[in-house]
1. What are the residues in segment A:203-217 that are assigned to a helix (DSSP H, G or I) and either within 11 Å of chain B (Cβ to nearest Cβ) or modelled with pLDDT under 95 (or both), if any?
2. Name the residues in segment B:5-25 that are more than 7 Å from every other protein chain (Cβ to nearest Cβ), assigned to a helix (DSSP H, G or I) and either among the hydrophobic types (A, V, I, L, M, F, W, C) or buried (at least 16 other Cβ atoms within 10 Å of the Cβ) (or both), would you?
3. For segment B:36-44, check the following and say yes or no: at least one residue is at the interface with chain A (Cβ under 10 Å from one of its Cβ atoms), touching a residue at least 12 places away in the same chain (Cβ under 8 Å), over 22 Å from B:Ser98 (Cα atoms) and out of contact with any Asp or Glu (no Cβ under 6 Å at 6 or more places or on another chain).
4. Would you please list the contacts, defined by Cβ atoms under 8 Å and residues six or more apart or on different chains, that run from a residue in segment A:232-255 that is more than 17 Å from A:Ala169 (Cα to Cα) to a residue that is open to solvent by 10 Å² or more (accessible area, probe 1.4 Å) and charged (D, E, K, R)?
5. Quick test of your reading of the structure: A:Tyr230 fulfils all but one of (1) open to solvent by 10 Å² or more (accessible area, probe 1.4 Å); (2) within 14 Å of chain B (Cβ to nearest Cβ). Name the failing condition by number.
6. Given the conditions (1) among the aliphatic types (A, V, I, L, M); (2) in a helix (DSSP H, G or I); (3) more than 8 Å from chain A (Cβ to nearest Cβ), which single one is not true for B:Met1?
7. Sort out which residues of segment A:44-63 are of a type in the set (D, E, K, R) and either touching a helix residue (DSSP H, G or I) at 6+ places or on another chain (Cβ under 8 Å) or within 21 Å of A:Thr120 (Cα to Cα) (or both), and write them in order of number.
8. Taking the criterion of being open to solvent by 10 Å² or more (accessible area, probe 1.4 Å) and among the hydroxyl-bearing types (Ser, Thr, Tyr), would at least one residue in segment A:234-244 satisfy it?
Amino acid sequence: MARLSASAFTSHIPAIGAAIDNGKTAEDYWKPVFSGYEFAKKWVAEQKPDVVILVYNDHASAFDSNLIPTFALGIGEEFQPADEGWGPRPVPNVEGHPQLASHLAQSVIQDEFDLTVFNTLNVDHGLTVPLSLMFGQPDAWPCKVIPLAVNVVLYPPPSGKRCYALGKALRRAVDSFDEDLNVQIWGTGGMSHQLQGPRAGLINKKFDMDFLDRLVKDPESLSQVPHIDYVRYAGSEGIELVMWLIARGAMDEEVEEKHRFYHVPASNTAVGHLILENNPA
Amino acid sequence: MALDKPYLDVPGTTIFDADMARKGFHLNQYCMSLMKAENRERFKSGERAYLDEWPMTEAQKEAVLIRDYNLMMKLGGNIYFLAKIFSCDGISFQVAASTMTGLTVDEYKEMMVTGGRSPEGNLYKSDMTEEGNNG
């Protein structure tokens, strides 16, 4: 049977991707950011996930104002890096897992999550930056990836509560998949940041610390936090953090925290990163 | 019944909600067109003529021409769409963000390196001036 073993959480800042792609990771500005992911690289190499369900958001790259699905799951064979205005990132194509993805879609829809499915979609930095942070710069990504795109561009995004419940439904779906697979789920985006308006540059370390603590120990209460609290306290784009609740919802109630990292700033944003494992009974 | 908008008292922030998205539809779709290299070239070689191909309001077109991002957002633009304009100009997200705050690029970078804009004084409209609380 498939087994959901662990989750990783990370910001997906485009400037991090640009720093990797342009060989700037050793520069003074970037060094502290990348040192925070050294543990993750070793860890994921040991864990060898077969499949990662990667929760992210598209930033008006593949979805424009014509089509805005709240939750969209990629069931295709392959996804190419999007051209976000400077040409696509020089990273490998992302290989999907159509069998597991179709199983997830069917299961969660029957579990009352009416998500959208897609076969062809170019994936932007929201998806590829986490892969680069965790796997470095390989010729091919070492695992299959199932993209789960969440709308956080047009207000309102799904509630934290709904995201958390979707995570639980995804877990039930993984648990009922026959093939023997080591599956991870990653939540991306955040942490506190605001990219727009006179309040651009907002960072709220206190909010972020509290979010990390509760995500590990008390996700149920964290999932009740309303949108307005994210907007007000974590910035208009900090609301991306609801996506972390999907990944947390797919985990056991009790988890082991393997790693935590927090750094300000990367460009306009607070970088947050967590690794959680389920403990096999 | 009107949409519930509890975020209207958050200072210095425009939330891209259903009303804004409707208002900004053509502005944002114009931005998306800049994802294609040939459109970027056409835009750069004649901005006004390129904008006139879109059913945008005159105010939206003027806001684009003077690169006033706060004004573009007020007129329904969303930052991830507007990013296509400053990418086309070869400007980073950080530099573009600084232009919205009344800070110079260096002042903005310095604020970020020293921990970012503090939430203190920046959570409610009554705390913050229109120009932003950069102190």
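1. A:Lys205, A:Lys206, A:Phe207, A:Asp208
2. B:Leu8, B:Ala18, B:Met20, B:Lys23 - these are the residues of segment B:5-25 that are more than 7 Å from every other protein chain (Cβ to nearest Cβ), assigned to a helix (DSSP H, G or I) and either among the hydrophobic types (A, V, I, L, M, F, W, C) or buried (at least 16 other Cβ atoms within 10 Å of the Cβ) (or both).
3. The answer is yes, given that some residue of segment B:36-44 is at the interface with chain A (Cβ under 10 Å from one of its Cβ atoms), touching a residue at least 12 places away in the same chain (Cβ under 8 Å), over 22 Å from B:Ser98 (Cα atoms) and out of contact with any Asp or Glu (no Cβ under 6 Å at 6 or more places or on another chain).
4. Matching pairs, first to second residue: A:Val255/A:Glu277.
5. (1)
6. (2)
7. Result: A:Asp58, single match.
8. Yes - at least one qualifying residue is present in segment A:234-244.
The values are calculated or read from the model by the stated rules, or taken from the named source; none is laboratory data. Quantities reported herein were computed from a predicted structural model and do not represent experimental measurements. Counting neighbours? That spans all protein chains shown, and the Cβs are built from the backbone with ideal geometry, glycine included. Quick note on the areas: whole protein, heavy atoms, side chains included, nothing else; ligands and nucleic acids left out. Shrake-Rupley method; radii C 1.70, N 1.55, O 1.52, S 1.80 Å.
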